[in-house]
Amino acid sequence: MAAITTVGVDADDTLWHNETVFRLTQARFVELLAEFGDEVQIMARLADVESRYLRLYGYGAKGFTLCMIDSAMELTDGAVSTRVIREILAAGREMLIHPVEPLSGVETALSQLSDKYRLVLITKGDLLHQEQKLAASGLGDLFSGVEIVSEKTTDTYSKIFSRYGPGPECAVMAGNSVKSDILPALQAGAYAVYIPYPITWAHELAEIPTGHPRYAELATLAELPGWIDSLSC
């Protein structure tokens with residue numbers, strides 16, 4: 001077994017809260033458009049718009065704000081008021097400045113990992129916003145590298161883990177998204193550790209690869225250093 005040299009860690013909902021902020025904004029969006037449909041109808045339209053424009057707008061609060069505006073236009077057949085547009089834009093700005101709240105035990109776990117391995121933050125989303133969140137978290141100095149990508153693919157992990165170590169076979173990726181953090185990392189040849197968050201974005205849902213020899217599920221990031229140590233042994 002090759003020794004582990006590199007550990008990749010996701011950011012949103014792995015290191016700090018994120019999806020809860022989006023859910024609060026979605027609830028506000030539903031209230032703003034209440035006269036044009038019920039919650040199910042409004043959320044279904046928003047999900048459809050996200051599916052259509054995700055690759056164009058990208059991930060994160062800015063892309064989500066554009067999707068809300070597009071959804072409002074479609075739900076109202078173009079008759080959405082300037083007041084509602086202003087409210088949507090205000091909600092998007094509030095997401096961008098929302099306080100960063102690291103999850104319990106994260107700083108200690110990252111400190112332990114950085115002492116033994118090349119620790120790399122691997123996240124997707126808006127470059128500026130992700131950089132701002134990392135700075136606000138106070139965790140930036142613990143990482144050997146930060147990679148903010150448009151998508152997390154097999155090729156993404158192969159290149160990153162080869163850049164910061166011998167390659168995927170000597171790396172571990174940890175995160176809360178089976179679709180983005182687990183499946184492509186396993187396909188690249190790395191170990192992948194799923195750390196569930198209580199809420200999962202619909203576009204990140206995927207089947208858990210139970211039984212894969214390089215897959216594991218842990219309750220919290222605090223368990224990751226010990227798990228990797230046992231793996232190395």
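The values are calculated or read from the model by the stated rules, or taken from the named source; none is laboratory data. On a predicted model such as this, the values are computed, not experimentally measured, just so you know. Neighbour counts run over all protein chains shown; Cβ positions are idealised from the backbone, glycine included.
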Q) So, of the residues in the stretch 4-21 that are surrounded by fewer than 22 Cβ atoms within 10 Å (Cβ to Cβ) and aliphatic (A, V, I, L, M), which turns out to be nearest to P198 (Cα to Cα)? A) V21
(Q) From the list A219, A174, exactly one residue is of a type in the set (G, A, S), assigned to a loop (DSSP other than H, G, I, E, B), under 19 Å from the mean Cα position of the chain (by Cα) and closer than 28 Å to R23 by Cβ. Which is it? (A) A219
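Quick grid of which residues meet (1) buried (at least 16 other Cβ atoms within 10 Å of the Cβ); (2) at pLDDT 95 or above; (3) closer than 23 Å to E94 by Cα:
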site: I122; (1), (2), (3): yes, yes, no
site: A135; (1), (2), (3): no, yes, yes
site: L142; (1), (2), (3): yes, yes, no
site: S150; (1), (2), (3): no, no, yes
site: F161; (1), (2), (3): yes, yes, no
site: Q187; (1), (2), (3): yes, yes, no
Q.
Just to verify a result, which residue in the stretch 48-58, among those that are under 14 Å from W201 (Cα atoms) and within 17 Å of the chain's Cα centre (by Cα), is surrounded by the fewest Cβ atoms within 10 Å (Cβ to Cβ)?
A. S51
**Q.** In the stretch 184-232, the residues that are small (G, A, S) and in contact with an Asp or Glu (Cβ under 6 Å, 6 or more places away or on another chain)
**A.** G189
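Going by the structure shown, is L127 touching a residue at least 12 places away in the same chain (Cβ under 8 Å) and more than 24 Å from D70 (Cβ to Cβ)?
Numbers: touching a residue at least 12 places away in the same chain (Cβ under 8 Å): yes; more than 24 Å from D70 (Cβ to Cβ): no.
When the stated conditions are applied, L127 does not pass them.
This table checks each residue for (1) hydrophobic (A, V, I, L, M, F, W, C); (2) under 27 Å from E107 (Cα atoms).
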| site | (1), (2) |
| --- | --- |
| F22 | yes, yes |
| T25 | no, no |
| L33 | yes, no |
| E39 | no, no |
| G60 | no, yes |
| G63 | no, no |
| C67 | yes, no |
| S71 | no, no |
| T76 | no, no |
(Q) Quick test of your reading of the structure: I199 fulfils all but one of (1) touching a residue at least 40 places away in the same chain (Cβ under 8 Å); (2) surrounded by 19 or more Cβ atoms within 10 Å (Cβ to Cβ); (3) within 19 Å of the chain's Cα centre (by Cα). Name the failing condition by number. (A) (2)
**Q.** Members of the stretch 189-206 found to be at pLDDT 90 or above and on the phi < 0 side of the Ramachandran plot, listed by number
**A.** A190, Y191, A192, V193, Y194, I195, P196, Y197
